[in-house]
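Worksheet: the structure to be examined is printed underneath.
None of the figures in this text is laboratory data; all of them are computed from the coordinates on show. None of these values were measured; they are calculated from a predicted model. Glycine gets a Cβ as well: all are built from the backbone with ideal geometry, and neighbour counts include every protein chain shown.
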Amino acid sequence: MLSTIQPPRYLSRFPLRGRTKSRSFHILSSAQPVTKTCFAADQSQILSIRDSLLNRHLSAVELTHSYLDRLKQTEPHINCFLHVSDPDKVLKQAQDIDDKIKRNEEVGPLAGVLVAIKDNICTADMPSTGGSYILEGYRPPFDATAVKRLKDLGAIVVGKTNLDEFGMGSTTEASAFKVTANPWDLSRVPGGSSGGSAASVSARQCVVSLGSDTGGSVRQPASFCGVVGLKPTYGRVSRFGLMAYASSLDVIGCFGSSVADTGILLHAISGHDSLDATSSKREVPDFTSQFTYASSLKSRPLEGLRVGLIRETVDAGVDSGVKSAIEGAAAHLEQLGCVLKEVSLLSFSLGLPAYYILASSESSSNLSRYDGVRYGNQASSDELNALYEESRAKGFGSEVKMRILMGTYALSAGYYDAYYKRAQQVRTIIRKSFKAALDENDILISPAAPSAAYKIGEKKNDPLAMYAGDIMTVNVNLAGLPALVLPCGFVEGGAVGLPVGLQIIGAAFDEEKLVKVGHIFEQTLEGYNFVPPLVTDVGGASPEL
Amino acid sequence: MGSRALLMLTNFNFKATVSSFGSASNPFFLIKNNLRIRNFSTKTRSSLQPPDLPGLAETARISLAPNEVEEFAPKIGQVIDWFGQLQAVDLDNVEPAIRADTEGDNLREDVPQTFENKEALIASVPSYEEPYIKVPKVLNKE
């Protein structure tokens, strides 16, 4: 019983206009070994672009023009970007790629791929504000490691996306600068805090984007915007250059319009970094090596895969439309051969207060660096403490101030044991319960949020109501596990329905399994079109090549 | 939309009666029958002193306007009360976890490295008088 709110319009995910699908393609040796896979290029925009560029079907300049035009047309409606790169610079980078290809020189595996970066990730050549007045105009002197790796592989950074200030929020309403709108319904939120990054990919303004996930900030907007969001294991991707919110929980995550694209992007940015003491030295497998053609899949390609549906996530308080979409997704997994059962995680509901205690406390410490002295906006004052107090009072928004104050309280002498220490103990319990569940199951599934996108302004004045929306996602951060969210259905709302995402949770460092399962699920899911009408309404070039 | 229902407190002190799901080798607890919901209220009262906002603001070096104190106090109070539900949980003998512990020991050699882009670092400083970062005087408050 798949949720059939939206009548199926297209059968293929990517409407290819009069272009034959290429079945195989040569990959020039490149910096990163992208496996020579034998699946249709249209399962991945990134590989499709690479194919077209290397076979000279399309130039990087033409591709860039197409995306920039669409960005220009959609941006006034959705406001994803805080900073858009100078088009001339972007086109010059595209031209350089075309020139290299003409000269038969190597180009990186992400050559010509337009990527948007969440504005709490440092980029040296453009402003990075973290969505806050306190860093308005700030230009970091370095690139984040994740950004550097993308650039080294040929990606073109198209701009910095909007977010809730310093990652604190679930809607982008806490941004100092603007509110991003959901491309599926402009009166609704895109989710947060990586709302700009999710909406940007959803509206096909860029191919892929980077976000950050501390309590669900990649997964929830992926669900709200109908795109794929991948949160890696804590330690998989370097946090160097990510403005710290809660250091024990933050990760950089990936958005794409397909599971394959997020897998390729994650592979590009993963790996040990000596500049991040919490980054893991583990090998990074090529996530794309598991991909296969939809048509060449056996009839039950996931035979025997043990899937646990987390009972507490389909209980009271969850939208009935979301429940039905998840049940449909579960049925689809069973058709693919999975063995489905319900799993109960005892401590599930404790995760939310534990998360907010830990996150507020760590943020109160991390944000003390914004004092108006070494960078950012400085208030005028004739006394040092007043300088700190005024700069921070003027620079921070309300949500950030409240969380700093709550964190300061939770860490105060006399309260540390009651709050912070207990939250850390709850973290241990949650880690163990997830580990036990993942010993018995290969993956766990749940919704990514208790509802689809809600209206702008609906939860703005009720912090607890907004925090409640994070219930599906925070436990995964506490346990440090990887999770993938991919669109699986729709609920009523907006012009054609609002997308709902399925969350797939894996064991630590098992992103490969998530990407494999997600890819097969996506390729065999029929009857849905996850391109928002806004993209086709603005006209112009088809979103795909 | 029932979002408050999600904040319900569960009784964590249930007896470990194994109501096993599936085969005997499955150590999984299906707690459906053992779960006692303590209350649906989000108004769990913390037994500690409520937050003193002006004091906290001073510690956090943020000056708050009176209207902000008025606006924040009830919201912060509500959230801190909600935090209080953790005090009801039995956490004896549970080790606190600093982080998820997925990443292992990755310290690098303690060897200084030159940072190349010093000009950009200096350019970011709001108030710079070569070679000092300039700040106003410090007054010792009593």
- Query: Say the cut-off is 20 Å between C-alpha atoms; which of A:LYS231/A:LYS516; A:LYS118/A:LYS178; A:LYS432/A:LYS516; A:LYS323/A:LYS513; A:LYS72/A:LYS160 go over it?
  - Reply: A:LYS432/A:LYS516; A:LYS323/A:LYS513
- Take each of the peptides A:429-435, A:130-136, A:152-158, average the number of other beta-carbon atoms within 10 Å over its residues, and list them starting from the highest. A:130-136, A:152-158, A:429-435
- Task: Just tell me how shielded A:228-235 is by partners: mean number of partner chain Cβ atoms within 10 Å of each residue's Cβ, no decimals.
- Result: 2
- Query: Sorting A:TRP184, B:TRP82 on the 10 Å Cβ count, fewest up front, what's the list?
  - Reply: B:TRP82, A:TRP184
- What is the mean number of Cβ atoms from other protein chains located within 10 Å of the Cβ atom of each residue in peptide A:383-394, rounded to a whole number? 5
- Output the direction-averaged projected area (hull surface divided by four) of the convex hull of the alpha-carbon atoms of the range A:276-405, in nm². 14.0
- Going toward the positive end of the dipole of the range A:172-312, with +1 on Lys and Arg Cβ and -1 on Asp and Glu Cβ, which of A:LEU275, A:SER212, A:PHE287 do you reach last? A:PHE287
- Message: Could you sort the peptides A:531-538, A:438-445 by per-residue average Cβ neighbour count (10 Å cutoff), highest mean leading?
- Response: A:438-445, A:531-538
- In debye to the nearest 20, how big a dipole does the range A:402-484 give about its Cα centre with +1 on each Lys and Arg Cβ and -1 on each Asp and Glu Cβ? 280
- Could you point to the residue in A:LEU114, A:SER223, A:THR313 farthest towards the positive end of chain A's charge dipole, with +1 and -1 charges on the Cβ of Lys/Arg and Asp/Glu respectively? A:LEU114
- Query: Can you pick out the pairs among A:LYS281/A:LYS435; A:LYS151/A:LYS460; A:LYS148/A:LYS435; A:LYS151/B:LYS134 whose Cα atoms lie more than 29 Å from each other?
  - Reply: A:LYS151/A:LYS460; A:LYS148/A:LYS435; A:LYS151/B:LYS134
- Query: Sorted by packing (mean other beta-carbon atoms within 10 Å per residue), highest first, where do A:307-315, A:253-261 land?
  - Reply: A:253-261, A:307-315
- Message: Out of all DSSP beta bridges in chain A, what portion is antiparallel? Express it as a percent rounded to 5.
- Response: 65
- Of A:MET466, A:MET243, how do they rank once you tally other Cβ atoms within 10 Å and put the fewest first? A:MET466, A:MET243
- Task: Pick out the long, greasy-scoring helices in chain A: whole DSSP H runs spanning 24 Å or more along their own axis by Cα, mean Kyte-Doolittle at least 1.6.
- Result: none
- So what's the back-of-envelope 222 nm ellipticity for chain A, counting only DSSP H runs of four-plus at -39500 (n - 2.57) apiece and dividing by all residues, rounded to 500? -10500 deg cm²/dmol
- Message: If I histogram all Cα-Cα distances within chain A using bins 10 Å wide from 0, what percent of pairs lands in each bin?
- Response: 4, 20, 32, 28, 13, 4, 1, 0
- Item | aspartates and glutamates whose Cα lies under 13 Å from that of A:LYS89, excluding same-chain neighbours fewer than 8 positions away | A:ASP125
- Which whole number gives the average, over all residues in B:74-81, of C-beta atoms from other chains lying within 10 Å of the residue C-beta? 5
- Query: For the residues A:MET168, A:MET126, what sequence is obtained by ranking on other C-beta atoms within 10 Å, fewest first?
  - Reply: A:MET126, A:MET168
